[in-house]
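In what follows, a structure is listed as structure tokens, so that the remarks can point back to it.
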Amino acid sequence: MVITENSVALLAQVDALVTALAASPLFKAYQQAQADLAADKQAQAKLAAFHAANTAFAAVADYGHHAPDYQSRRRQVRQLKRAATLWPTVAAFKRAEMDLQTALDEIGLQLADCISPDIKVVTGNPFYQTKQTQHCSVKG
């Protein structure tokens, strides 16, 4: 790649964007939620129990209903997942993570739109709405 004045200016703007993101309240809230989650021993225990149950369920999931304890393991995974995700520090972390990701998606969409309106940007969020969203109806 040939380094030109334009690419140096672009790299400087990218550095400024990264610095602004790192100083943003959204990123600070994400870091605080991450630290709170790491410090919460009960949340860590709930997440560890969920991961252990999920691993045990994955071992028999391929066999489906023919595996012994399939239903009970599946039920246990669901209950542990619900208990973990409803725990206040886990829920706060997931909310902060989603808020930050939404902001990053919006930045990506704006950058792509500056280049060309034809660029498709995958946001990873099926509920994310942009101005390019079109609704259709099935008639019949």
Within segment 87-125, track down each residue that is open to solvent by 50 Å² or more (accessible area, probe 1.4 Å), part of a loop (DSSP other than H, G, I, E, B) and under 18 Å from L21 (Cβ atoms).
V121, G124
If we keep just the residues of segment 60-77 that are exposed (fewer than 14 other Cβ atoms within 10 Å of the Cβ) and of a type outside the set (G, A, S), which is nearest to K120 (Cα to Cα)?
D62
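Return the residues of segment 1-11 that are part of a helix (DSSP H, G or I) and either open to solvent by 60 Å² or more (accessible area, probe 1.4 Å) or touching a helix residue (DSSP H, G or I) at 6+ places or on another chain (Cβ under 6 Å) (or both); say none if nothing qualifies.
Quick first cut of segment 1-11, residues part of a helix (DSSP H, G or I) only: 5-11.
Selection gives E5, N6, V8, L10, L11.
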Mind checking whether some residue in segment 24-35 is open to solvent by 70 Å² or more (accessible area, probe 1.4 Å) and not in a helix (DSSP H, G or I)?
no
Cβ contacts < 6 Å: first residue within 21 Å of Q31 (Cβ to Cβ), restricted to segment 96-119; second residue surrounded by 12 or more Cβ atoms within 10 Å (Cβ to Cβ) and modelled with pLDDT of 85 or more, any location; separation 6+ or different chain. Result?
A96/A29; A96/Y30; A96/A33; D99/L26; L100/L26; L100/Y30; A103/L26
Residue pairs qualifying under the 6 Å Cβ cut-off, at least six apart or on distinct chains, with the first in segment 73-89 being on the phi < 0 side of the Ramachandran plot and the second being assigned to a loop (DSSP other than H, G, I, E, B), are T89/D40
Pick out the one residue from A53, A38 that is open to solvent by less than 40 Å² (accessible area, probe 1.4 Å) and out of contact with any strand residue (DSSP E or B) (no Cβ under 7 Å at 6 or more places or on another chain).
A53
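Does A16 satisfy being at pLDDT below 95, surrounded by 11 or more Cβ atoms within 10 Å (Cβ to Cβ), assigned to a helix (DSSP H, G or I) and not hydroxyl-bearing (S, T, Y)? So that I can check it myself, show each step before the final result.
Details: at pLDDT below 95: yes; surrounded by 11 or more Cβ atoms within 10 Å (Cβ to Cβ): no; assigned to a helix (DSSP H, G or I): yes; not hydroxyl-bearing (S, T, Y): yes.
So A16 fails the test.
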Could you give every pair whose Cβ atoms fall below 7 Å, whose first residue belongs to segment 39-61 and is more than 13 Å from Q76 (Cα to Cα), and whose second residue is in a helix (DSSP H, G or I) and open to solvent by 40 Å² or more (accessible area, probe 1.4 Å), counting only separations of at least 6 or pairs across chains?
V60/R73
Among the residues of segment 1-20, what is the count of those that are free of Cβ contacts under 8 Å to residues at least 12 places away in the same chain and either among the charged types (D, E, K, R) or within 20 Å of I107 (Cα to Cα) (or both)?
13
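The values are calculated or read from the model by the stated rules, or taken from the named source; none is laboratory data. Fair warning: this is a prediction, and the values are worked out from it, not measured in the lab. Using ideal geometry, Cβ is built from the backbone for each residue, glycine included, and neighbour counts are taken over all protein chains shown. Only protein heavy atoms, including side chains, enter the accessible area calculation; ligands, DNA and RNA are left aside. Shrake-Rupley method; radii C 1.70, N 1.55, O 1.52, S 1.80 Å.
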